[in-house]
1. Is there a quick way to get the dipole size of the stretch 122-171? I mean about its Cα centre, with the Cβ of Lys and Arg at +1 and of Asp and Glu at -1; what is the value in debye to the nearest 20?
2. Grab the other residues whose beta carbon is less than 9 angstrom from that of Ser30, score K and R as +1, D and E as -1, and report the net.
3. Just how many pairs of Lys in the stretch 2-156 have C-alpha atoms closer than 15 Å, counting pairs that are eight or more places apart or on different chains?
4. Net charge around Ile137, counting only other residues with Cβ within less than 12 Å of its Cβ (Lys, Arg = +1; Asp, Glu = -1)?
5. Evaluate the charge dipole of the stretch 59-174 about its Cα centre and quote only its size in Debye, nearest 20, assuming +1 on the Cβ of each Lys and Arg and -1 on the Cβ of each Asp and Glu.
6. Relative to the Cα centre, what is the charge dipole magnitude of the stretch 33-91, using +1 at the beta carbon of each Lys and Arg, -1 at the beta carbon of each Asp and Glu, and rounding to the nearest 20 debye?
7. Give me Rg over Rh for the stretch 2-156, both radii from the alpha carbons and Rh done the Kirkwood way, two decimal places.
8. Distance between Cα centroids, the stretch 116-179 to the stretch 40-110: provide it in whole Å.
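No lab work stands behind these numbers, since they all come straight from the coordinates. Source: prediction; values computed, not measured. FYI the Cβ positions are ideal-geometry reconstructions off the backbone, even for glycines, and counts take in every protein chain you see.
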Amino acid sequence: MAEREQRRDRRDRDETPEFADRLVAINRVSKTVKGGKRFGFAALVVVGDQKGRVGFGKGKAKEVPEAIRKATEQAKRSMMRVPLREGRTLHHDMEGRHGAGRVVMRSAPQGTGIIAGGPMRAVFEMLGVQDVVAKSIGSQNPYNMIRATLDGLRKESSPRQVAQRRGKKVADILKRDDAPTEAVAEA
């Protein structure tokens, strides 16, 4: 009896959608064989919990739904955590690169929204970012754009991480340098 309840609990957990996913690209690929051509599909999917975790995956199969399922499974395995400021934007501006793909991402004030194109928009939406300005420079290949975006997001560091790395307090890191303006006022 207890075993049956455990299975039901596990099934309920699997059915609850803790992750949102976004299909970025579907590509029909063909293989030429003796009798003609065999067609398959390649899918690119971005998965995230919209609270600071995101991952991407790609899958290939003879049918579209199977390719999407494989890509989603791979994306869930490759999740990474990104620190967000106030849960809505990036802590600082950054640049990401992968191959010929290059992206520039900037934090934005509240109410700006997601100003980014195509695959980058999917990454930010799945990450839970609400305000960001981003530009893709270079490759328009969605695979390279997503990899470049995730490369930039890996470089993201919160004030807490910087303070820990330097052995200081968060307040020391965030403190504004008011000393020069006071010196000018005294003179």
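1. 480
2. In short, +4.
3. 8
4. Every neighbour counted, the sum reads +2.
5. 420
6. On the way: 15 positive and 5 negative charges, 49 e Å.
Dipole magnitude for the stretch 33-91 comes out near 240 debye.
7. Over the Cα atoms of the stretch 2-156, Rg/Rh equals 1.07.
8. 13
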